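Novice: Pasting in a structure now, in structure tokens, and then I'll have a few things to ask.
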Ligand SMILES: [Fe+2]
Ligand SMILES: [Fe+2]
């Protein structure tokens, strides 16, 4: 019995499908999908940016990359938590897991719709995810390692989305109303998922042995860096699709851009803070990415 999980479960009882909840008619083709100040436009050479339309297009592709990261993580979570069915699990944990499968499926459908609207199908939006997928497919929801990966995945992408929402809510940026609704809906659900994965992780960490904890400690930081690499920086293919010339060079420039690297550090911070508080990681401030 966990009072925290019961509370989280109660909040998720009233489910509405995201495809029905989003007002798709509110789309505004003239507005970007993400605040442009978040996308390191300031770090790009002027010749890379031809027109306001190019910027809107770039923001759509960047938004599609966020959706692709979400779909990748959601697919892994659904795969791992549903592989053995839910009977025999602690009832509170089973309820949360089933609610998350339901919600992540809804998110993925919503993200798919956004990717299609961005015309972003058919080229690689994410960096190299092969190693992370390989590791994730070997982790079991019964272990702390799985929930640490979930916590990292969810907090990194949610921190990025929240950063965009904060700029919009503060009136510092105007974005397409549909993109805002997608970000708001996802953030609302992810706040619960993150709280639940924190409980799952903390409960399981207590049961880890010294050797297992040592291996976990050594690999986790490596995997976090791979995750930031794969999800937070545009791929040359995604930049080429947004219409930029010399996409390879631009991808390298954005990767080296201090603003973008600071954003990646900020997105890694919640995971680093929790894992440090739990005694899993020892980090010095600012050493992520
Ligand atoms: Fe999600
Ligand atoms: Fe989630």
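Derivation of every value follows stated rules applied to the coordinates shown; laboratory data play no part. Bear in mind that the values here come from a model prediction, so they are computed numbers and not experimental data. Glycine also receives a Cβ, built like all others from the backbone with ideal geometry; neighbour counts cover every protein chain displayed.
Novice: Taking other Cβ within 10 Å of each residue's Cβ, how do 51, 105 sort, fewest first?
Specialist: Values: 51 9, 105 15.
Fewest-to-most Cβ neighbours within 10 Å comes out as 51, 105.
Novice: What does the helix-only formula give at 222 nm for the chain: each DSSP H stretch with n ≥ 4 adding -39500 (n - 2.57), the total divided by the residues, and the result rounded to the nearest 500 deg cm²/dmol?
Specialist: Values: 11 runs with 191 residues, N = 289.
Computed mean residue ellipticity for the chain: -22000 deg cm²/dmol.
Novice: Does anyone have the angle between helix 258-277 and the longest principal axis of the chain? Alpha-carbon axes, 0 to 90°, nearest 10?
Specialist: Rounded to the nearest ten degrees, it is 10.
Novice: I've got another one for you. Among 11, 193, which comes first, then next, by fewest other beta-carbon atoms within 10 Å? List each step's numbers first, then the result.
Specialist: Working: 11 13, 193 26.
With the sparsest Cβ surroundings first, the list reads 11, 193.
Novice: How are the Cα pair distances of the chain distributed, in percent, across 10 Å bins from 0?
Specialist: 6, 28, 35, 22, 8, 1
Novice: Okay, next question. Pairing the Cα long axis of helix 144-169 with the longest principal axis of the chain, what angle in degrees results, from 0 to 90 and rounded to the nearest 10?
Specialist: 40
Novice: On to the next question. Given N residues in segment 1-143, what is Rg(Cα) / (2.2 N^0.38 Å)?
Specialist: Values: Rg = 18.9 Å, N = 143, 2.2 N^0.38 = 14.5 Å.
The reported ratio for this selection is 1.30.
Novice: Any chance you could check the Cα centroid distance between segment 86-146 and segment 196-242 for me, in angstrom?
Specialist: A separation of 14 Å, based on Cα centres.
Novice: Share of Cα-Cα pairs in segment 205-260 beyond 15 Å, in percent?
Specialist: Values: 948 of 1540 pairs.
That fraction is 62 percent.
Novice: Please report, in whole Å, how far the alpha carbons of segment 164-249 spread along each principal axis, starting with the longest.
Specialist: Its Cα atoms span 51, 34, 18 Å along the three principal axes.
Novice: Tell me the angle of helix 247-256 to the major Cα principal axis of the chain, expressed in degrees between 0 and 90 and rounded to the nearest ten.
Specialist: So the helix axis and the longest Cα principal axis differ by about 60 degrees.
Novice: Let me ask something else about it. Segment 81-143: D in µm²/s via Stokes-Einstein (Kirkwood Rh, Cα pairs, 20 °C, 1.002 mPa s)? Walk me through the numbers on the way to the answer.
Specialist: Working: Rh = 14.3 Å.
Estimated via Stokes-Einstein, D reaches 150 µm²/s.
Novice: Report the equivalent ellipsoid semi-axes for segment 132-289 in whole Å, largest first, defined as the square roots of five times the eigenvalues of the gyration tensor built from alpha carbon atoms.
Specialist: Numbers: eigenvalues 177, 78, 41 Å².
Taking √(5λ) for each Cα gyration eigenvalue gives 30, 20, 14 Å.
Novice: Taking neighbour Cβ counts within 10 Å as the exposure measure, how do 194, 83, 78, 61 sort from fewest upward?
Specialist: With the fewest neighbours first, 194, 83, 78, 61 line up as 83, 78, 194, 61.
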